[in-house]
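The values are calculated or read from the model by the stated rules, or taken from the named source; none is laboratory data. All figures in this text were calculated on a predicted structure; none of them were measured in a lab. Ideal geometry is used to build each Cβ from the backbone, glycine not excepted, and the neighbour counts take in all protein chains shown.
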């Protein structure tokens, strides 16, 4: 499927370009790079960028799948497996950060599921990240060791998650605290993807609202 929502193009450090969905709050406002789930840059992710803009943040969601969208879990797994995570981090996310910094100053990264894992990677590898907010996604430590995060970090995780399991979350917390860090981690009695209103089988409105409120409070402390 072709994505129809990407409405800007921005440069990557290597000179190539990436498309993305940009929602603006205004000149000089802080920024948030919104990182997609394994489904791609769909309307649900763009609506999160819009919500950030309504809350006072310039938001850019890069199209990591280059115009492709998944309509089922099998397609999504195929697209995620085929994604070059290092290229996405060091090129697409770095380019999105630079684009937002040119108009926003301080910029955070925040992502969901696959995007949550890439949020950790961005916090580890990209110097221009001011803060990170991760939703139920953690990458392999061999790619992005959470003990190397040196920016304020908030995480939202589900206790009934069979992908980003409680044990994986506990390991992230232990690694960060073992390195002398103080991550702000929240656990919810919910399923994986509980913030995705487009998936009624797992969406939990109360948990999603609590996570959103905590996210905005966190960003207001570190970006504004």
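Inspection of region 62-76 identifies no residue that is at positive phi, modelled with pLDDT of 95 or more, crowded, with 24+ Cβ neighbours inside 10 Å and not in a helix (DSSP H, G or I).
Among the criteria (1) at pLDDT below 95; (2) at negative phi, the one residue 52 does not fulfil is (1). Scan region 134-145 and tell me whether some residue there is touching a helix residue (DSSP H, G or I) at 6+ places or on another chain (Cβ under 6 Å), more than 19 Å from residue 77 (Cβ to Cβ) and either in a strand (DSSP E or B) or at pLDDT below 95 (or both). Among the residues of region 134-145, at least one is touching a helix residue (DSSP H, G or I) at 6+ places or on another chain (Cβ under 6 Å), more than 19 Å from residue 77 (Cβ to Cβ) and either in a strand (DSSP E or B) or at pLDDT below 95 (or both), which makes the answer yes. From 109, 124, grab the single residue that is touching a helix residue (DSSP H, G or I) at 6+ places or on another chain (Cβ under 6 Å) and farther than 24 Å from residue 194 by Cα. From the options 109, 124, the qualifying one is 124.
Taken over region 166-193, the criterion of being farther than 16 Å from residue 146 by Cα and surrounded by 17 or more Cβ atoms within 10 Å (Cβ to Cβ) is satisfied by 188, 190, 191, 192, 193.
Evaluation of residue 222 against the conditions (1) crowded, with 16+ Cβ neighbours inside 10 Å; (2) in contact with a strand residue (DSSP E or B) (Cβ under 7 Å, 6 or more places away or on another chain); (3) more than 30 Å from residue 26 (Cα to Cα) shows that the sole unmet condition is (3). Among the conditions (1) surrounded by fewer than 24 Cβ atoms within 10 Å (Cβ to Cβ); (2) in contact with a helix residue (DSSP H, G or I) (Cβ under 9 Å, 6 or more places away or on another chain); (3) in a loop (DSSP other than H, G, I, E, B); (4) free of Cβ contacts under 8 Å to residues at least 40 places away in the same chain, the only one that residue 40 does not satisfy is (1). If you go through region 62-81 and keep only what is free of Cβ contacts under 8 Å to residues at least 12 places away in the same chain and either under 19 Å from residue 116 (Cβ atoms) or touching a helix residue (DSSP H, G or I) at 6+ places or on another chain (Cβ under 8 Å) (or both), you end up with 73, 81.
Does at least one position in region 83-96 carry a residue that is at pLDDT 95 or above, surrounded by 15 or more Cβ atoms within 10 Å (Cβ to Cβ), in a loop (DSSP other than H, G, I, E, B) and under 14 Å from the mean Cα position of the chain (by Cα)? There is no residue in region 83-96 that is at pLDDT 95 or above, surrounded by 15 or more Cβ atoms within 10 Å (Cβ to Cβ), in a loop (DSSP other than H, G, I, E, B) and under 14 Å from the mean Cα position of the chain (by Cα). When region 160-177 is filtered for residues that are within 17 Å of residue 189 (Cβ to Cβ) and part of a helix (DSSP H, G or I), the ones remaining, listed by number, are 166, 167, 169, 170.
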